[in-house]
Amino acid sequence: KDIPGTSAISPGSSKECAPASESPSGTGEADYCRRILVRDAKGTIREIVLPKGLDLDRPKRTRTSFTAEQLYRLELEFQRCQYVVGRERTELARQLNLSETQVG
């Protein structure tokens, strides 16, 4: 539940975003935080604090739709070895017509 005035921790950082009244810069906002207002399902407007590095405008990556054969082969390989690396990963990706990222 998002409550105005609460702190959020930036990924990869131990710094917390201070509430506006506690900001040391006097601008009302920490330089590594982004505050946005959102309306929930009940119509209540809430403030949430996010790291500025979070790119909210970037389109989401499309999820890969695997064929039945690709899923079968990937599941077999996972049962054999949970981590496919190196040549095996490259070869499996080639055989299934997938990228190495999709295989791993």
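Each of the peptides 73-81, 36-44 was scored by the mean count of other Cβ atoms within 10 Å over its residues; in descending order, highest first, they stand as 73-81, 36-44. The phi-based Karplus calculation (6.51 cos²θ - 1.76 cosθ + 1.60; θ = phi - 60°) puts the 3J(HN,Hα) values of region 98-104 at 10, 7, 5, 5, 5, 6, x Hz, whole numbers, x for Gly and Pro. Here each label is just a point 7 Å from Cα along the line to Cβ, and for E88 and E69 those points are 2.3 nm apart.
Using the Cβ atoms and a cut-off under 13 Å, what net charge is assigned to the surroundings of R94, where Lys and Arg are +1 and Asp and Glu are -1? Spelling it out: positives minus negatives among the neighbours equals 0.
For the set T67, T62, the ranking by accessible area, highest first and with no ligand, DNA or RNA atoms included, is T62, T67 under a 1.4 Å probe.
The values are calculated or read from the model by the stated rules, or taken from the named source; none is laboratory data. Keep in mind that this is a model prediction, so the values were computed, not measured. When we count neighbours, we look across all protein chains shown, and the Cβ atoms used for this are built from the backbone with ideal geometry, even at glycine. Side chains included, ligands, DNA and RNA excluded: accessible areas come from the protein's heavy atoms. Shrake-Rupley method; radii C 1.70, N 1.55, O 1.52, S 1.80 Å.
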